[in-house]
Protein chains: 2
Amino acid sequence: MTSAAFDVLGIGNAIVDVLTKADDAFLSQHGLVKGSMMLIDEARADTLYAAMAPGVEISGGSCGNTMAGVASFGGKGAYIGKVRDDQLGAVFGHDLRATGVSFETASATTGPATARCLILVTPDAQRTMNTYLGACTGLGPNDIDTARVGAAQVTYVEGYLWDAPAAKQAVLKAFDADHAAGRKVSITLSDSFCVHRYRDEFRDLVRNKVDILFGNEAEIKALYEVETFEQALEAVRKDAKIAALTRSEKGSVVVKGSETYEVPAAPVAKVVDTTGAGDLYAAGFLFGFTHGKPLAECARLGGIAAAEVISHVGARPEKALSGLV
Amino acid sequence: MTSAAFDVLGIGNAIVDVLTKADDAFLSQHGLVKGSMMLIDEARADTLYAAMAPGVEISGGSCGNTMAGVASFGGKGAYIGKVRDDQLGAVFGHDLRATGVSFETASATTGPATARCLILVTPDAQRTMNTYLGACTGLGPNDIDTARVGAAQVTYVEGYLWDAPAAKQAVLKAFDADHAAGRKVSITLSDSFCVHRYRDEFRDLVRNKVDILFGNEAEIKALYEVETFEQALEAVRKDAKIAALTRSEKGSVVVKGSETYEVPAAPVAKVVDTTGAGDLYAAGFLFGFTHGKPLAECARLGGIAAAEVISHVGARPEKALSGLV
């Protein structure tokens, strides 16, 4: 195995977030489930957007946020994801490259527009996400440069990609290239509703392909269809090589075989917007992992990154994470 | 004169802001003058954008910010400005309408893209603006519905519009319609460099057409080519019917003939980003003016709105201004 050109290569849905404030009444009026990610079509996106308060556009996408976080720690990152050659696609590409992440996936020149996620932030700092996948549905195996993938220590992907069938094929191609090159692969479960949609496939992946699994408490319980976090922990311990599980203010738990590391959450003065907490936890963890840190330290770095991102609006770090450790 | 359908109708350059942080070294490296607004062409916009850190897109435009402020006070506003039928144009329209402002100007279907202003916020909270006017250059007299203009108590325009020759003609058409309908017209000097570009025309307007003049200390000194604020005050007193002049932390001064009102600035815990301070001062002032308030109270409302907008990043109010008075 040669030395890696990248620490982490991410594959994800390339999305521009449209963030706005909303109250609980707005959520019920529009049939939205607080804290979840719902897929919407273009017509629904237009209707919902028309009803929303003025917004702010910020590059997002779960894995894009993670890669921005890896770069903010000083890690070498690359990203694969599909935008359209439109204004929001240019914004997405600019913002990711400006963090220092290598992003060379060809933009779509036809078909749907760059993906948008309409994010409603309620006064309790919860975010409710409504994603129009648009151009993301065009990501496929042809976008996977196996040499590039094999040049990264870890390839990290979103469970959300399973919502775009060709993207799933792209991920499986990347995983094969990784393992052929002696690299590691990692996945986040993304969202409990996403787990319900693809439970069998995700369980199979965790058991047979994935080296590092990320998920939060709701997601891991959904994966194993159990009632308690403890039950989920025992189940995932048997399946996964390494699992890093987040529990909001309770911090995170990392399991590897019989080893268990419980790491408290980093302190936050005021939680402003929880968008990106899990994404940034993965960033810190993977930065640590690809720099030879022990698992408990990886989890601590994840917690620091998550704490930074929930202390302000938006899902990417505002401060250089390298300065916080 | 019939009762007015709108309190304020604004005419301005319809711009989406791209906000990012930068240090003084970045400004010098790119030949930028801190605190000023510079017009740039598309190639320069692309070069500068490529060099910038990740940004946040927020609807802006000086007059658009003002109109959002008028609406936030509970005033009835309308806006005339030109975007392209592209993604950023849709963002601009959505955000303005979502504040409650009526915006019916037809989008351009050909020609340059929706205008962007690349705003660099330095650690001292100053903003340095680089504007690619794009579709704004397509605003012309045909976009002025004289009945709509005549239905507003006050028409408020940006001096910045003089940078687009057809837009200037649109403004003059609107001013004539206003006066024919017995309404008032108002202008902001916008920027001291803008004043240098159009000094003679602005002086003529102030003397002969404008009912309420807005400007800051640097702009009013530039208008009269004098060294001190006191000299400028005496000059504008002779020319303008009403002038409302802002002086940052020193508050504002309103003159009307021999009357002078000095109003202190509203307190601000921490100045985060001065973008939009003048725009929001005008919003508060015009809301007060169109609701029959005395001039000193108009200035106080302007100060409250300015204080809100400089306490956070972005040039439009985050809190409902109606709740702050």
In the stretch A:192-203, which residues are open to solvent by 10 Å² or more (accessible area, probe 1.4 Å) and under 14 Å from the mean Cα position of the chain (by Cα)? A:Ser192
Does the stretch B:235-253 contain at least one residue that is away from chain A (no Cβ under 14 Å), farther than 24 Å from B:Cys194 by Cβ, at pLDDT 95 or above and not in a helix (DSSP H, G or I)? no
Complete set of residues in the stretch B:233-255 that are under 20 Å from B:Tyr160 (Cβ atoms) and more than 19 Å from the chain's Cα centre (by Cα): B:Val236
Give the residue, chosen from A:Asp23, A:Asp17, A:Asp46, A:Asp7, that is modelled with pLDDT of 95 or more, within 14 Å of chain B (Cβ to nearest Cβ) and buried (at least 17 other Cβ atoms within 10 Å of the Cβ). A:Asp17
Within the stretch A:256-268, residues surrounded by 13 or more Cβ atoms within 10 Å (Cβ to Cβ), small (Gly, Ala, Ser) and over 20 Å from the mean Cα position of the chain (by Cα) come out as none
Of (1) out of contact with any Asp or Glu (no Cβ under 7 Å at 6 or more places or on another chain); (2) within 30 Å of B:Lys293 (Cβ to Cβ), B:Thr131 satisfies all except one. Which? (2)
What do you reckon, is A:Gly159 more than 14 Å from chain B (Cβ to nearest Cβ) and more than 20 Å from the chain's Cα centre (by Cα)? no
Restricting attention to the stretch A:213-239, which residues are open to solvent by 10 Å² or more (accessible area, probe 1.4 Å) and farther than 30 Å from A:Ser311 by Cα? A:Tyr224, A:Glu225, A:Val226, A:Glu227, A:Gln231, A:Glu234, A:Ala235, A:Arg237, A:Lys238, A:Asp239
Just to be sure, is A:Gly278 in a loop (DSSP other than H, G, I, E, B) and either of a type outside the set (S, T, N, Q) or surrounded by fewer than 18 Cβ atoms within 10 Å (Cβ to Cβ) (or both)? no
I'm checking my understanding of the structure. Among residues of the stretch B:309-325 that are touching a Ser or Thr at 6+ places or on another chain (Cβ under 9 Å) and closer than 22 Å to B:Ser190 by Cα, which one is farthest from the other protein chains (Cβ to nearest Cβ)? B:Ile310
Odd one out for A:His291, checked against (1) of a type outside the set (D, E, K, R); (2) open to solvent by 20 Å² or more (accessible area, probe 1.4 Å); (3) touching a Ser or Thr at 6+ places or on another chain (Cβ under 8 Å): (3)
Check whether at least one residue in the stretch A:175-190 is in contact with a strand residue (DSSP E or B) (Cβ under 7 Å, 6 or more places away or on another chain), away from chain B (no Cβ under 14 Å), on the phi > 0 side of the Ramachandran plot and surrounded by 21 or more Cβ atoms within 10 Å (Cβ to Cβ), and report yes or no. yes
Looking for something of a type in the set (Phe, Trp, Tyr) and either within 16 Å of the chain's Cα centre (by Cα) or farther than 14 Å from B:Gln87 by Cα (or both) - is there at least one such residue anywhere in the stretch A:91-102? yes
Scan the stretch B:118-125 and tell me whether some residue there is over 19 Å from B:Ala277 (Cα atoms), modelled with pLDDT under 95 and open to solvent by 30 Å² or more (accessible area, probe 1.4 Å). no
Hey, does the stretch B:256-277 have a residue that's aliphatic (A, V, I, L, M) and under 20 Å from B:Val185 (Cα atoms)? no
Selection from the stretch B:105-117 of residues touching a residue at least 24 places away in the same chain (Cβ under 8 Å), open to solvent by 30 Å² or more (accessible area, probe 1.4 Å) and over 18 Å from the mean Cα position of the chain (by Cα) yields B:Ala106, B:Ser107, B:Thr109, B:Gly111, B:Pro112
Note down all Cβ pairs under 8 Å where the first residue falls in the stretch B:33-51 and is on the phi > 0 side of the Ramachandran plot, the second is buried (at least 16 other Cβ atoms within 10 Å of the Cβ) and not hydroxyl-bearing (Ser, Thr, Tyr), and they're at least six residues apart or on different chains. B:Gly35/B:Gln126; B:Gly35/B:Arg127
When the residues of the stretch B:57-103 are narrowed to those that are open to solvent by 10 Å² or more (accessible area, probe 1.4 Å) and among the acidic types (Asp, Glu), which ends up nearest to the other protein chains (Cβ to nearest Cβ)? B:Asp86
Considering only the stretch A:149-173, state which residues are basic (Lys, Arg) and either open to solvent by less than 40 Å² (accessible area, probe 1.4 Å) or on the phi > 0 side of the Ramachandran plot (or both). none
Out of the stretch B:204-220, which residues are in a helix (DSSP H, G or I) and either closer than 25 Å to B:Tyr79 by Cα or more than 18 Å from the chain's Cα centre (by Cα) (or both)? B:Asp204, B:Leu205, B:Val206, B:Arg207, B:Asn208, B:Glu219
Only residues in the stretch A:260-277 that are modelled with pLDDT of 95 or more and charged (D, E, K, R) count as the first member; pair them with residues that are open to solvent by less than 50 Å² (accessible area, probe 1.4 Å) and not in a loop (DSSP other than H, G, I, E, B), Cβ under 8 angstrom, at least 6 apart or cross-chain, and list the lot. A:Glu262/A:Ser252; A:Glu262/A:Val253
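The values are calculated or read from the model by the stated rules, or taken from the named source; none is laboratory data. On a predicted model such as this, the values are computed, not experimentally measured, just so you know. When we count neighbours, we look across all protein chains shown, and the Cβ atoms used for this are built from the backbone with ideal geometry, even at glycine. All accessible areas refer to the heavy atoms of the entire protein, side chains included, with ligands and DNA or RNA removed. Shrake-Rupley method; radii C 1.70, N 1.55, O 1.52, S 1.80 Å.
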